[in-house]
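The values are calculated or read from the model by the stated rules, or taken from the named source; none is laboratory data. Just so it is clear, the structure is predicted and the values come from calculations on it, not from any experiment. Heads up, the Cβs are rebuilt from the backbone with ideal geometry, glycines too, and the neighbour counts pull from every protein chain shown. Ligands, DNA and RNA are excluded from the accessible area calculation, which covers all protein heavy atoms including side chains. Shrake-Rupley method; radii C 1.70, N 1.55, O 1.52, S 1.80 Å.
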Amino acid sequence: MSVIEALIPTLNIVLQSAIVIFGASIILYNLPYVLRDRITRSFVLLTTFVVIVFTAELIVSVGVPLSSAENWLRAEWVGIAHVPAALLHLSDILLISTGSVSNRRRYTIYATYLAGSVFMALAMLTNLVVGDVLTDEGFSYLEAGPIFPVFTTFFIVIVIFAIYNIWTARNRTLVPTTRRRLTITLAGALAAPLGVYPFLLITSGRPLESPLRIHLILLLGNLIVGAMFAMLTSQLVYFALSTSPARVVRVRLYKYMARVPLAATLILATYVLVQQGASFLGLPLNLAIPSAIVTTSIVVQWVIHTFRRPLGRIFRITEDPDVRRIQLLSERIVTTREMHEFLENILATTCNALQTPAAFVVSYTSEGPKMERSIGIGDEGSQIAANSELQSMLEIKSKGGVISTDEFGDYPIAAGNEDMVRWGEYWIRPLRAKKSDQMLGIFGIKTRQDIPYLTEDENRLFNNLSRQAASALEDQVLQRQVFAAVEGLLPQVSERQQRATLAAHSDPTPALTQPADELEVLKDPDFPGMVRDALSHYWGGPRLTESPLLALSIVQNALEDNEDNATRAMREILTKAIDRQKPEGDRSWTSADWILYNILELKFLQGRKVRDIARRLAMSESDLYRKQRVAIENVAKTISEMERVESQH
C-alpha cells in the first residue's frame, strides 16, 4: 500500500472527527439560547441529528468488531431518519419569521417527525429498511432493506419541501441583510441531508471496485459538507442573537470557534497523523504523541494571539475604525487602582530623593478636594485636603495676586520660591493641566526649613515628578468625563441598538415604529426591585451605575445639572423621591407619619446598620424590614409618577 493510499483514509477520519467536534461545539454554544429562540432550537435539533450520524460513522471507521459495527450503524438511524423532519422544521421557522404562518405546515412537520420515528424504529429493530451488515475493502455498511426505496423517496421529498420553504422565506423578506443571509442559508441547508444520507446502501450487493476512489469521494464529500455546514452556522447564529449587533455576534462566534473546536481538531489531527507517521521518524509513540500534542497546543494559541489583528480584519471583526478606536482606548485606559499605584511610586521616589518623611497628592474634583495618595501623613491629611483657604491662596498666587498674612494667618507665601508655598509643616506645589492651566490638585512634601528651597538637582527631579503627577490627575479627569458620558449613553444606545438590530433581521416597521412607552422600565413588574437595588448602592456600586432606571427620562434630563454624570443624576432622582416621603411638621423619630421617611434616610442616605436603625426607631428588626419594603414601594411609585409627569411635557 502506498503512502497516499494509507493517508487518504486517515485524512477522512480526521475530517469526520472535525465535523463531530465542530457540531458538538455549535450545540454547546447555542444551548443558552435554545429556550428563548425558535430558530436556534430547531437548528440545534438538526445539528444534534447530524452529530449522531457522524459519530456512529466515525466509530465504525476506526475499526470495531462486526457485531458492534452493526449496532452502531443501526444507531445512526436516529439521526438519518429525523434529519428531513428537522430541516423542514427549521425551514418553517425561517418562513414564520417573515410573517408567513401556516397551521397546515405545522401539522406536516408533526407528521414528518412521526414518519421519521417510524423509519428509525424499523431500521433499528427490523430488516425492512436496512438489513445485515456488509464489509468490503475496509468499509462496513448495512444492506438495503425492502422498503429502503420508500425511505429514500420520503427523504428526498421532505428535503425538497424544506429547500422550497427557505427559498420562499428568502423571497418574502424585505430586508437586504436578511435576504443575503437566507441566500447563504439556502446553499448551506443541503449540508445535513447530503452528509447523513447512506449512499453506500445504493451499492448493496455489488462489490466495491476502487476503495481509493471511494475514499477520495468521501473525503471530498466531507469537505463540501463541512464547508456548507459552516456557512449554515455562520448565518443562523445571527437570528439567535438578533438583539446584538452583527459585529458582536461575529466576534463571539469566531473567538469561540478558534479557542474550542479549531484547537481541539488540530490536536486530534496531530495525534492521528503522528500515530500513523511515528515509524517514519524512528520515534517511539510514547514520546512522539505527547510532544506533538503539547507543541500543537502551544503553537495554536500563539498563532491566535500573535495574528489576532490580521485575522480580525480577515473575518471582519475589527474592520470598523470606530471599533478600533474603542479597542485602543480600552488598552490604554488607566484604572483608578493603577493611577493610585503610580502616584504611590512617585511619592516614594520623592521621599527617598528629597529625604523628606512625608508627601501627598490631593486632587481637586467637582465633588471637592480628595486625598489621592500619601506617605507618612496621618489624620492631618484629610484636614489639608479639605482646607479651602489653601486652594484659594494658590489660585490667587497663580494669577499674580499678592497674599497678605492677615488674610491667611500663619500660612505666608514663601518668597524664596515662586512655585511653592509653605502651609504649616508642608511645602505645597500646585499641579496644573498642560493645555488649560487648570489647577488639578497639589503636591505636598514635609518641610526641611521654613522657606521652601531645593538644590538644582532636587528641583529638577521634583519638577519631573510633579509633571508626572499632574499628568496622572489630568488623565483621570479625562477618563471620568469619558465614563460619565458612557454611563449616560449606554441605556439609550442599548435601546436603539436593539431596535436597529431587530429591524435588520425582520420586518423593520414594528421595531422602528414601536412607541417608546412600550420599552419603558416602568412596565417591568420588577420595577420596585430595580429601585431597591439602586438604593442599596446609593453611594456607588454596579446596581446604581448599571441600573435600568438610568434609561428614565427624568434621569436623562437631570444629566445637564450633574455634569453629564449619570450616576449623580440617578442619585439626585432617588434623593428627590425620598424627600417627597417626608411629612409636614417637625421631625419625630417614633411618630407613625415619619417612620417610613426615617427608615429611608437612615438606611440609604446615611448608610446606617439595620441594628442601629431599629434601636433608634424603637422597633424590632423584622418590623423594620417590613416597613422598609413599604417605604421602597412608595419611592418606586413616586419615581413612576415623576416619570409620567415628565413624559407629558
Heavy-atom accessible area order for Trp423, Trp167, Trp589, largest first, 1.4 Å probe = Trp167, Trp589, Trp423
Computed accessible area, Asp623, all protein chains, 1.4 angstrom probe, square angstrom | 40 Å²
Name the residues whose placed amide hydrogens come within less than 5 Å of the amide hydrogen of Trp423, ignoring near sequence neighbours (fewer than 5 apart) on the same chain.
-> Ile428
Under 5 Å from the placed amide H of Gly131, counting only residues 5+ away or on other chains, we find Glu143, Ala144, Gly145
Counting residues in region 529-649 as N, plug N into 2.2 N^0.38 Å and put the Cα Rg over that result.
-> 1.08
Quick calc, Gln468 & Arg179: beta-carbon distance into FRET formula, R0 56 Å, rounding 0.05, result 0.50
Relative to the present Cα-Cα distance, how much length would full extension add between Arg308 and Leu31 at 0.36 nm per residue of separation?
-> 97.0 nm
So, in nm, how far is label Arg213 from label Glu344 when the simple model puts each one 7 Å beyond its Cα toward the Cβ?
-> 7.6 nm
Average accessible area per residue (Å²) across region 530-649 - probe 1.4 Å, nucleic acids and ligands excluded | 54 Å²
Once the Cβ-Cβ distance between Arg104 and Ser588 is put in as r, and R0 is 51 Å, what FRET efficiency do you end up with, to the nearest 0.05?
-> 0.10
Based on the Cβ-Cβ distance of Leu287 and Ile202, what FRET efficiency does E = 1/(1 + (r/R0)^6) give at R0 = 41 Å, to the nearest 0.05?
-> 0.35
List, in the order given, every pair from Lys370/Lys627; Lys582/Lys609; Lys446/Lys603; Lys603/Lys637 whose Cα-Cα distance in the structure shown is over 29 Å.
-> Lys370/Lys627; Lys446/Lys603
Residues in region 617-637 near a label at Arg543, defined as backbone nitrogen under 18 Å from the 7 Å Cα→Cβ point?
-> 622, 624-637
Counting only residues 5 or more places away or on other chains, whose amide H sits under 5 Å from the amide H of Arg432 once H atoms are built in the peptide plane?
-> Leu440
